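The values are calculated or read from the model by the stated rules, or taken from the named source; none is laboratory data. On a predicted model such as this, the values are computed, not experimentally measured, just so you know. Cβ placement follows ideal geometry from the backbone for every residue including glycine, while neighbour counts extend to all protein chains displayed.
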Amino acid sequence: MKYYSCLLCLLFFSVTASAAEIQHIWLTHQSHQPDKIVVNWSTSLPGNSIVHFGLAPDSMTTVKKADNTSLHHVEIPLAARDAIYHYRVQTGKLFSDLATFKAYPTDRLRVAIVADWQARPDLSSLLKDDIHLLLTAGDNISNLWQTCGPGKPDCIEPYLNLIGAYPELFRSTPFMPILGNHDREVYPRGKQPPEHAVYDVEATAFRRFFELPDEEWKWKFDIPEFGIRFAALDFNHISDIGTTWQTCHPLDRESEQYRWYESVTQKHPGHL
């Protein structure tokens, strides 16, 4: 029954010395099912994107992207279940430390949902629970403008700070966040709607940072072995729609989002 709920020494020291250069690593899903995972990381200088991964640290496969970027997203296949994957990321001559994540199980699935964690609470209990998937219900950061300056919708620094606050969690657990209003607040809200938009409805920074399914501001993710679908909506502060305080995409019956919601809820694998 399934439940929810000395050449060698030189080489070693070379990798260890470089490892500190790549520290912000997080895992997401871009596809709709857990047969693939995206390994994400950031570097101070642009370069290529390489992931070494496998079921044993001494026999790893390599996936490369010959891009030139400081924000890296590499999708790798996951053929195994009930196993531990080992991986390391590389950009140029810089490596991360060796890390691990769990393949999805076949007997008991553990999923956690968090929200409003701008205050950076203690999440050590999540690590102890040994979860397979971490979801949020929005407001993953306080805002964009306090860190980035007002009016910078593509600034990802607050999200890097989030990953840096819980490095062990994010490099070992797939993370699929949902948008809240704070995640795209590019100007102070104030007491009255100003002349300019306060929120970046398109969530440029969020979508740039996280590789998620579909349009990323809304998405669905299925785990067929457990007959479950997770659907993420962009749905907050709906009374502000039509004003410069508008933060989410429309959700009226004629909207793209509502039609999409109907389609993913009418045909689903069992549990939604």
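Does region 196-208 include one or more residues that are buried (at least 21 other Cβ atoms within 10 Å of the Cβ), of a type in the set (Lys, Arg) and in contact with a Phe, Trp or Tyr (Cβ under 7 Å, 6 or more places away or on another chain)?
No: zero hits.
Look through LEU98, LEU55 and report the one residue that is surrounded by fewer than 15 Cβ atoms within 10 Å (Cβ to Cβ) and under 21 Å from the mean Cα position of the chain (by Cα).
Working: LEU55 fails: under 21 Å from the mean Cα position of the chain (by Cα).
None of the others qualify; the one that does is LEU98.
Among the candidates ALA231, ALA197, ALA205, single out the residue that is touching a helix residue (DSSP H, G or I) at 6+ places or on another chain (Cβ under 9 Å) and closer than 19 Å to SER142 by Cβ.
Being touching a helix residue (DSSP H, G or I) at 6+ places or on another chain (Cβ under 9 Å) and closer than 19 Å to SER142 by Cβ holds for just one of ALA231, ALA197, ALA205, which is ALA205.
Return yes when LYS267 is of a type in the set (Lys, Arg), modelled with pLDDT of 95 or more and in the same structural domain as GLU157 (by TED's automatic domain parsing) and no when it is not.
On the way: of a type in the set (Lys, Arg): yes; modelled with pLDDT of 95 or more: no; in the same structural domain as GLU157 (by TED's automatic domain parsing): yes.
Judged against the criteria, LYS267 is not a match.
Inspect all residues belonging to region 205-222 and state whether any of them is over 25 Å from ILE156 (Cα atoms) and not in a loop (DSSP other than H, G, I, E, B).
Going residue by residue through region 205-222, those that are over 25 Å from ILE156 (Cα atoms) are 222.
Pick out the ones that are also not in a loop (DSSP other than H, G, I, E, B) and you get 222.
Yes, that holds for at least one residue.
Considering only region 11-22, I want to know if a residue exists there that is under 19 Å from the mean Cα position of the chain (by Cα) and either outside the structural domain of LEU169 (by TED's automatic domain parsing) or modelled with pLDDT under 95 (or both).
Restricting attention to region 11-22, the residues satisfying the condition of being under 19 Å from the mean Cα position of the chain (by Cα) are 22.
Applying the additional criterion that residues be either outside the structural domain of LEU169 (by TED's automatic domain parsing) or modelled with pLDDT under 95 (or both) yields 22.
Yes.
May I ask you to list pairs of residues, at least six apart or on different chains, whose Cβ atoms are under 8 Å apart, with the first in region 196-207 being charged (D, E, K, R) and the second being surrounded by fewer than 17 Cβ atoms within 10 Å (Cβ to Cβ) and in a loop (DSSP other than H, G, I, E, B)?
ARG207/GLU215
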